[in-house]
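Working notes for the structure below.
The values are calculated or read from the model by the stated rules, or taken from the named source; none is laboratory data. Computed from a predicted model, the values in this text were never measured in an experiment. Cβ: placed from backbone, ideal geometry, glycine included. Neighbour counts: every protein chain shown. The accessibility values were calculated without ligands, DNA or RNA, using every heavy atom of the protein model including side chains. Shrake-Rupley method; radii C 1.70, N 1.55, O 1.52, S 1.80 Å.
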Amino acid sequence: MSLLVVGSVALDSIETPFGKRREILGGSATYFSISASFFTGVRLVAVVGADFPKRYAQKLEERGVSLEGLELKKGGRTFRWKGRYEYDMNAAHTIFTKLNVFKNFSPRIPDEYRKTPYVFLANIDPDLQLAVLKKVLAPRLVACDSMNFWITNKSKALKKLLGKIDLFFLNDSEARLISGEVNLMKAAKYVFSLGPQRIIIKRGDSGALFMTRQGGCFSAPAHLMETIKDPTGAGDSFAGGFMGYLGRTNDRGDKAVRKAVIYGTVMASFCVQDFGPERLLTLKPADIKKRFDDYKKNTCL
Ligand code: AMP
């Protein structure tokens, strides 16, 4: 198993112009794990409460995700998030965030997890991301994600974390929020000054931008589709495809990274086709291959 993830496992309630769902399986680590599981073995570290449906855990197990690091807190309630999207589905409006069992979570990392070479610190309290990072031994690549909630409420811890990681995934509005810059190039320069060697700026339906501190850049448009029902989890699915591909190939060269960006784009495109992780859960490897090939035909790769 080459990939370790810590992040939220959640019960999400979602409203988009195309429908509503209540308390479905969600969370940053959930989307990431399901997406990455198509490429490599994934070890998950998170916590859920006694109210977390067993059938949701089974969905992760069926994808081969290791749940030894998923703590079940008896008497606690699972993290809950409610969000709404307007027709411009690039921005989620958070209606509530209930941290519940994540409030006092002290992650326990099973011994065999500690040597995992690729680590993804998915969106969650940066203090927790730091605690997990402290417990892993000499990882080959550490990436992290965050969101406006933590940029606003835990800025100091997040900046400390950014000084310790290689790759930061963020979306364009988060880049502007953290830097105070409107121009994305200026925002990226500021983010590099905080530590990461490479960043990926996700721009919703405008695609993704991979940038290095040395000035390298690779831009991938989003895959064009007729049906987009729910963008929740697109960013985490992107990261899952990206990190999963790198974990599988164990190659961090420029060409592999570009291919990883395309796999990220492909996985995000499946995610948004249905509510929650539903489409990801019915995917077959052949669907991924076909979309990757179609994407290549439609772009210049
Ligand atoms: P994404 O759409 O990729 O940014 O991620 C959506 C997922 O993030 C949802 O499934 C939520 O449960 C989860 N989420 C929302 N807010 C937070 C938060 N403050 N910390 C951790 N996870 C969150």
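Counting only other residues whose beta carbon sits under 13 Å from that of Ala57, what net charge do I get with K and R as +1, D and E as -1? In short, -1. What FRET efficiency do you get for Lys135 and Asn298 if R0 is 41 Å and r is their Cβ-Cβ distance, rounded to the nearest 0.05? The pair Lys135/Asn298 has a calculated efficiency of 0.45. Taking every alpha-carbon pair within the range 3-299, the share separated by more than 34 Å comes to 11 percent.
Starting from the alpha-carbon convex hull of the range 146-210, give the projected area averaged over all orientations, in nm².
Details: hull surface 15.6 nm².
Value for the range 146-210: 3.9 nm².
The figure for Met225 is an accessible area of roughly 50 square angstrom, using a 1.4 Å probe on the protein chains alone. Surface composition of the chain: carbon plus sulfur atoms contribute 49% of the solvent-accessible area (1.4 Å probe, protein chains only, all chains present). The candidates Asp111, Asp254, Asp166, Asp145, arranged from most to least accessible area with a 1.4 Å probe in the full protein assembly, appear as Asp111, Asp254, Asp166, Asp145.
What ranking of Glu86, Glu174 comes out by heavy-atom accessible area, probe 1.4 Å, highest first?
Reading off the accessible areas and sorting them downward yields Glu86, Glu174.
Accessible surface of Lys98, taken over heavy atoms with a 1.4 Å probe and every protein chain present, rounds to 90 Å². Shown is the FRET efficiency for Asp111 and Glu23, computed with R0 = 51 Å from the Cβ-Cβ distance and rounded to the nearest 0.05: 0.90.
Between the residues Gly83, Leu162, Cys144, the greatest Cα displacement towards the positive end of the dipole of the chain, with unit charges on the Cβ of Lys, Arg, Asp and Glu, is found for Leu162. Once the Cα-Cα distance is subtracted from the 0.36 nm per residue extended length, the Glu62 to Ser206 segment shows a gain of 48.6 nm. The Ala256 and Tyr87 beta-carbon pair, evaluated with R₀ = 51 Å, returns a calculated FRET efficiency of approximately 0.90.
In order along the range 67-78, the phi-based Karplus estimate (6.51 cos²θ - 1.76 cosθ + 1.60, θ = phi - 60°) of 3J(HN,Hα) comes to 10, 4, x, 9, 7, 9, 8, 5, x, x, 10, 5 Hz; Gly and Pro are listed as x.
Averaged over its residues, the chain has an accessible area of 44 Å² per residue, based on protein heavy atoms and a 1.4 Å probe. Our estimate of slack between Glu181 and Ser193, defined as 0.36 nm per intervening residue step minus the Cα-Cα distance, is 3.0 nm. Given their separation in residues at 0.36 nm each and the Cα-Cα distance between them, Phe149 and Arg77 gain 23.9 nm when the chain is fully extended.
When +1 charges are put on Lys and Arg Cβ atoms and -1 charges on Asp and Glu Cβ atoms, the dipole computed for the chain relative to its Cα centre reaches about 640 debye. When the helices of the chain are scored as -39500 (n - 2.57) per DSSP H run of n ≥ 4 and the total is divided over every residue, the value at 222 nm lands at -11000 deg cm²/dmol.
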